Amino acid sequence: MSEELVVRNLKKWFARSRGLFSREQEYVKAVDDISFEIEKGQVLCLAGESGCGKTTTGRLILRLVEPTEGSVSLRGVDIFTLKKEELREKRREMQMIFQDPYESLDPRMDVFSILAEPLEVNRIASGYGELRERVHKALEDVRLVPVEEFIRRFPHELSGGQRQRVAIARALMLEPTFIVADEPVSMLDASIRTEILNLLKELREKYDLTFLYITHDIAQARYVGDDLMVMYLGRVVEKGPMEDVILEPLHPYTKALISNVPVPDPEAQRERIPLTGETPTPIDLPEGCRFHPRCCEAGERCSQVEPGLVKVGNDRWVACHVQAATPTRANNI
Amino acid sequence: MPVLEVEGLVTHYLTKQGPVDAVSGVSFTVDAGQTFGLAGESGCGKTTIALSIMGLLPSNGRVMGGRIILDGEDLLGKDEKELREVRWRKVSIVFQGAMNALNPVINVGEQIAEVIIEKEGVRKDEAWNRVRELFDLVELEPDRVTDYPHEFSGGMRQRVMIAMALANYPKLVIADEPITALDVIVQNQILDLMKNLQGRLNLSQILITHDLSVIAETCDKVGIMYAGKLMEYGEAAPIFKTPLHPYTSALIGAYPSIVGEKRDLKFIPGAPPNLINPPTGCRFHPRCPHAQEICGQEEPEYREESLGHYTACHFVEELRDTLRLGGH
């Protein structure tokens, strides 16, 4: 298996001044030194609460924002070293699907124009005939059929689910190999949500796509993903194969997060690990482990030294002093 | 003893294209100290029911029929002045977007005190004392009563909204998607708080949410809405375990879960109908995998199939085993 995406020591610190009259700068450490890779054809789910840095990570990977430090290689090419023209060329391989198709689709363009635009901008289609053919195929791929019924509609004439299908079709127009999907179904109702998730699964198989799938919903992550990576305050706290992490989370934060996911069964007996307070903003970060002030397992070392992400078992990684110190259990996984 | 009885409620919105049959003959009761969950997809009429109870329908909304009996009084016979006596004092509502529901330029304590002064006619210092007590009740620091909405996090703002809803000691609180925009850990903090307050104050609650998992974990009774009608209604456990209506079964089947075997999820093909021209017969029949000819012709009777478990489907008996086995 080959690596589609390799992320190394990626950082994004947003600078802001401490106050109206202050010259001092402070940094929002939205993404603070993260590394991971995704193998070809795999779906890596990136989960965490609002403000943990998951969306910024997605945007960095597509170079929609410039990083403070670090590298992102897509199929062997470091995208941060590319010049403008080269980047545009490379962007054909990587696309994004956003949460809100209302905002990501131009309300003044009909479905045909929305889907034809990327081909025209990149001068790909060799004429109207080919353009039309490819737009038709894309609509069939996302099951907006009969095509004639949808092709001249405008975004406001489509339902939420249909709009998201158009957004997916658009992302696929340039035949990318890698897609960042940022909460693509969060705005949709349950049954439509499932319809879109099933469609993404199908397209993934059909075109051998690789995904970074960003979501706050672990149950959804379990349904679509092969691996799970959890972020907290700009850092990766845990990653590993999806089922392993869900069945036996190692990081105290992952444990709490998973135990708090509601399940559609009134009789399920589950023990919830309560966490007090809310996630702070990543400005004045605590010393040591960022999670230690809320962690019930924290020891002395946790407030002094920041733990790195270390391998503790088969493909399992965790950034926790306590877990890393008990390797026997982790090795048995 | 029921705190709220809703019987045959019909609510329309008048539009240029014709009346929208948003709520069409809905009946349920909420018992003292219990939580009733109202679930269903966007546009199924959940919020319209809440607004009908509160008497807060938009100007084109009309209650066309039925009865809403709160604590022994029929609310539909009341004029606006009488309703104002009931609103907040007997029934209050917590909306989804706490940021939008609070005035950003007035500190939160003042906003709550205002409600107390208006409804109870108490002195200002008395009202402010009560605001501090309410803050304590919802586990916010009483010192923060003079803070402005933007100084609170999302979860804290929702606590402020709950404090405001409790300001006049209501018997019933309607929570319309109270936790939807929040992260799971904060969601549970809010749900725990509401559960705790319910026990302490003997509150009844209507929890409106599209999230079946949240309903499963918090509600005593459940109503599953589709296209303005209750498809199924009863105790939570039997509805999730042995749903009697194909829509309930399909909706549960569309939910991913982090427990149990990982399974393929099935979606419900098509989209909910336009309620200006609702489908004839059973409103779910165009999307129902089990529909037969009669389903498009005759509306199934809404019946009690077993104790306290109601549904409306022509093929309850025939489908009983199929739906139980998860054959959505």
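Summarising the label geometry, the points placed 7 Å from Cα in the beta-carbon direction at A:Ser159 and B:Asp143 lie 5.2 nm from one another. Applying 1/(1 + (r/R0)^6) with R0 = 45 Å to the Cβ-Cβ distance of B:Glu5 and A:Glu243 gives a FRET efficiency near 0.45.
Checking the a/c ratio against 1.5 first, then a/b against b/c, what shape does the Cα gyration tensor give for the stretch A:96-230? Taking the square roots of the gyration eigenvalues as a ≥ b ≥ c, the stretch A:96-230 is prolate. Under 28 Å of direct C-alpha separation, and excluding same-chain neighbours fewer than eight residues apart, B:Lys46 reaches these lysines: B:Lys16, B:Lys78, B:Lys81, B:Lys90, B:Lys119, B:Lys171, B:Lys195, B:Lys221, B:Lys229, B:Lys241, B:Lys266. Of all DSSP beta bridges confined to chain A, the antiparallel ones make up roughly 60%.
Working note: Karplus 6.51/-1.76/1.60 with θ = phi - 60° gives the stretch B:263-279 the couplings 10, 6, 8, 9, 9, 9, x, x, 9, x, x, 6, 8, 6, 10, x, x Hz, where Gly and Pro are set to x. Measuring between their Cα centroids, the stretch A:271-309 and the stretch B:207-227 lie 34 Å from each other. Counting charges near A:Ile214 (Lys, Arg +1; Asp, Glu -1) among other residues having Cβ under 9 Å from its Cβ returns a value of -1. Could you give the distance between the Cα centres of the stretch A:44-92 and the stretch A:222-252, to the whole Å? One Cα centre to the other: 21 Å.
Under 5 Å between amide hydrogens, built in the peptide plane, is the criterion, and for A:Val312 it picks out A:Trp317, A:Val318 among residues at least 5 positions away or on other chains. Mind running the shape call on the stretch A:270-323? Use the C-alpha gyration tensor, a ≥ b ≥ c as the square roots of the eigenvalues: rounded below 1.5 for a/c, prolate if a/b tops b/c, oblate otherwise. Verdict is oblate for the stretch A:270-323. Taking every DSSP bridge with both residues inside chain B, close to 65 percent are antiparallel. Compute the angle between helix A:160-172 and the longest alpha-carbon principal axis of chain A, please, reported from 0 to 90 degrees and rounded to the nearest 10. The angle comes out near 80 degrees. Calculated FRET efficiency, A:Glu85 and B:Arg320, Cβ-Cβ r, R0 51 Å, to nearest 0.05? Working from the Cβ atoms, E equals 0.20. Between B:Glu120 and B:Glu73, full extension at 0.36 nm per residue minus the direct alpha carbon distance yields a gain of 14.9 nm. Counting only other chain Cβ atoms within 10 Å of each residue's Cβ, the peptide B:265-272 averages 6. Residues whose amide H falls under 5 Å from that of B:Ile93, counting only those 5 or more places apart or on a different chain, are B:Ile174, with hydrogens built in the peptide plane.
For the stretch A:159-314, a simple Cβ point-charge model (Lys and Arg +1, Asp and Glu -1, everything else neutral) yields a dipole of about 260 debye relative to the Cα centre. Counted over chain B with a bin width of 10 Å, the fraction of Cα pairs per bin, in whole percents, is 6, 25, 32, 24, 11, 3, 0. Label separation (A:Ser35 vs A:Glu175): 3.5 nm, computed from points 7 Å beyond Cα along the C-beta direction. Within the protein assembly as shown, DSSP assigns beta bridges of which about 65% are antiparallel (rounded to the nearest 5). Identify the residues of the stretch A:237-255 with backbone N under 18 Å of a label point that sits 7 angstrom from the Cα of A:Lys201 along the Cα-to-Cβ direction, or state none. The answer is A:242-244, A:246. The mean number of Cβ atoms from other chains found within 10 Å of a Cβ in peptide A:179-192 is 4, as a whole number.
Listed values for the stretch A:212-225 are Karplus-derived 3J(HN,Hα) couplings in whole Hz (6.51 cos²θ - 1.76 cosθ + 1.60, θ = phi - 60°), namely 9, 10, 9, 8, 8, 9, 5, 5, 5, 4, 4, 6, 9, x, and x replaces Gly and Pro.
Please label the shape of chain A as rounded, prolate or oblate, based on the square roots a ≥ b ≥ c of the eigenvalues of the alpha-carbon gyration tensor (a/c under 1.5 means rounded; beyond that, a/b larger than b/c means prolate, else oblate). The shape class here is prolate. To the nearest Å, what is the center-to-center distance of the stretch B:258-328 and the stretch B:1-20, using C-alpha atoms only? About 22 Å separates the Cα centre of the stretch B:258-328 from the one of the stretch B:1-20. From most to least packed by mean Cβ count within 10 Å, the peptides A:242-252, A:16-26 give A:242-252, A:16-26.
Remark: mean inter-chain Cβ contacts per residue of A:270-280 equal 3, using a 10 Å Cβ-Cβ cutoff to other protein chain atoms. Extending 7 Å from the Cα toward the beta-carbon at both A:Leu20 and A:Lys137 defines two label points whose distance is 5.9 nm.
For chain A, the longest principal axis of the Cα atoms and the long axis of helix A:190-207 meet at an angle of about 80 degrees.
Computed from the coordinates by the stated procedures, all read-outs in this text should not be read as laboratory data. Computed from a predicted structure; not experimentally measured. Every residue, glycine as well, gets a Cβ built from its backbone with ideal geometry; the counts of neighbours run over all protein chains shown.
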